[in-house]
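The values are calculated or read from the model by the stated rules, or taken from the named source; none is laboratory data. Quick caveat: nothing in here was measured; it's all calculated off a predicted structure. Every residue, glycine among them, receives a Cβ derived from its backbone with ideal geometry; neighbour counts consider all protein chains shown.
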Amino acid sequence: MRFRKDAKLDRSQVEDYRGRRMGGGTPMALGGGGIVTVLIVLAVVLLGGNLGGGGGLGGLGDLAGQSAGTAAPGATLDHCQRGQDANEHEDCFVLGVVNSVQDYWSKALRGYEPATTRFFDGSVSTACGTASSAVGPFYCPGDRHVYIDLGFFDELESFGGSSAPLARAYVLAHEYGHHVQDLTGTLERARGGDTGPQSNGVRVELQADCYAGVWVANARRAGLIEDISRADVQDALTSAAAIGDDRIQEKTQGQVNPETWTHGSSDQRQSWFVRGIEGGTPNSCDTFRGRV
């Protein structure tokens, strides 16, 4: 996966708060850092931790409405001007993906409202609560922002995922899938907190995976991305498998309990991502009909 070298990037869609501590609320108690903590947290929120949007860190929904911090961004993305910059720099790459994903949804969904992605490190205060980097990328429906610590991609690779371009893009496209669900009202279905392979929470997560696949099917048409190969898709599938509930439970607990799943198994996540690619439209992603 590569961006067109002369494609123009829209820097207004990403805010860079790296290097700043943002106030507001009480920090989440997530324990120590490192891959073990990340794996445990991932079992709850990885790739779809809707802090306050059902699923994910359910208790954080009670923090909705707290101050989200008003400090100006601590860094700029002035070096992110063109597609060539996205091919060379990780932060510019994320910006390019955000641009591409939102370009697709602005055409595919009537009344689409853009969501801002915010880079942070350490911890961040949001309208859904204060979160640590260990949470991984997440979407907050309270302020309609996607939050990500770019160090997450290194953690993802360290426990079996891929840090290849489309694998990273899949992470972001999944979170924007939650934004689409928020706009359409589907995200509400995850608020009940039910778990299990056929639960509404899992269906919401699998639909976001499917929406990520739909974006992949249409990414080249936006004019930013030059090519996506079969090998790129396989990289994304590797990450989808690595963050299946069954895979994470096996690594962190030594056993698998499907009744506690919140995001879906490796097979489910891969299957719905592929279904989105093959179907190519949001209509391909009805995870609320039949079994998933």
(Q) Which condition from (1) more than 19 Å from Gly136 (Cβ to Cβ); (2) crowded, with 22+ Cβ neighbours inside 10 Å is the one that Asn218 breaks? (A) (2)
Q) Are any of the residues in the stretch 204-220 touching a helix residue (DSSP H, G or I) at 6+ places or on another chain (Cβ under 9 Å) and farther than 29 Å from Asp103 by Cα? A) no
Q) Could you give every pair whose Cβ atoms fall below 6 Å, whose first residue belongs to the stretch 175-194 and is under 14 Å from Tyr211 (Cα atoms), and whose second residue is among the β-branched types (Val, Ile, Thr), counting only separations of at least 6 or pairs across chains? A) Glu175/Val146; Tyr176/Val101
Q) Residues of the stretch 240-270 being more than 16 Å from Gly161 (Cα to Cα) and surrounded by fewer than 18 Cβ atoms within 10 Å (Cβ to Cβ), which ones? A) Gln253, Gly254, Gln255, Val256, Asn257, Pro258, Glu259, Thr260
Q) Counting only residues that are among the β-branched types (Val, Ile, Thr) and surrounded by fewer than 18 Cβ atoms within 10 Å (Cβ to Cβ), how many does the stretch 107-121 have? A) 1
Q. Taking into account only those residues within the stretch 221-239 that are touching a strand residue (DSSP E or B) at 6+ places or on another chain (Cβ under 7 Å) and charged (D, E, K, R), which is nearest to Ser163 (Cα to Cα)?
A. Asp227
Q.
So, in the stretch 207-247, exactly how many residues are farther than 21 Å from Ala86 by Cα and of a type in the set (Asp, Glu)?
A. 3
**Q.** Every residue from the stretch 162-217 that is touching a Pro at 6+ places or on another chain (Cβ under 7 Å) and among the β-branched types (Val, Ile, Thr)
**A.** Val171, Val214
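What residue, of Ala212, Ala242, Ala222, Ala208, is more than 13 Å from the chain's Cα centre (by Cα) and under 23 Å from Gly111 (Cβ atoms)?
So the residue among Ala212, Ala242, Ala222, Ala208 that is more than 13 Å from the chain's Cα centre (by Cα) and under 23 Å from Gly111 (Cβ atoms) is Ala222.
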**Q.** Positions within the stretch 83-106 being surrounded by fewer than 18 Cβ atoms within 10 Å (Cβ to Cβ), out of contact with any strand residue (DSSP E or B) (no Cβ under 8 Å at 6 or more places or on another chain) and not in a loop (DSSP other than H, G, I, E, B), in sequence order
**A.** Glu88, Glu90, Ser106
Q: Please identify the pairs in which a residue from the stretch 1-20 that is among the β-branched types (Val, Ile, Thr) has its Cβ atom under 7 Å from the Cβ atom of a residue that is in a loop (DSSP other than H, G, I, E, B), counting only partners at least 6 apart or on another chain.
A: Val14/Leu77
Q) Cβ-Cβ below 6 Å, separation at least six or inter-chain, first residue in the stretch 137-148 and aromatic (Phe, Trp, Tyr), second outside any strand (DSSP E or B): which pairs? A) Phe138/Gly49; Phe138/Leu51; Tyr139/Asn50; Tyr139/Glu175; Tyr139/His178; Tyr139/His179
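Being among the hydroxyl-bearing types (Ser, Thr, Tyr), surrounded by fewer than 22 Cβ atoms within 10 Å (Cβ to Cβ) and assigned to a helix (DSSP H, G or I) is the filter here; which residues of the stretch 153-185 pass it?
Looking only at the stretch 153-185, we keep the residues that are among the hydroxyl-bearing types (Ser, Thr, Tyr), and these are 158, 162-163, 170, 176, 184.
With the extra rule that they be surrounded by fewer than 22 Cβ atoms within 10 Å (Cβ to Cβ), the set shrinks to 158, 163, 184.
Within the stretch 153-185, Ser158, Thr184 meet the criteria.
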Q | Some residue of the stretch 122-135 being part of a strand (DSSP E or B), surrounded by fewer than 17 Cβ atoms within 10 Å (Cβ to Cβ) and touching a residue at least 40 places away in the same chain (Cβ under 8 Å) | A | no
Q | First in the stretch 100-119 and within 11 Å of His145 (Cα to Cα) and small (Gly, Ala, Ser), second anywhere and assigned to a loop (DSSP other than H, G, I, E, B) and at pLDDT 95 or above, Cβ under 6 Å, 6 or more apart | A | Ala115/Arg144
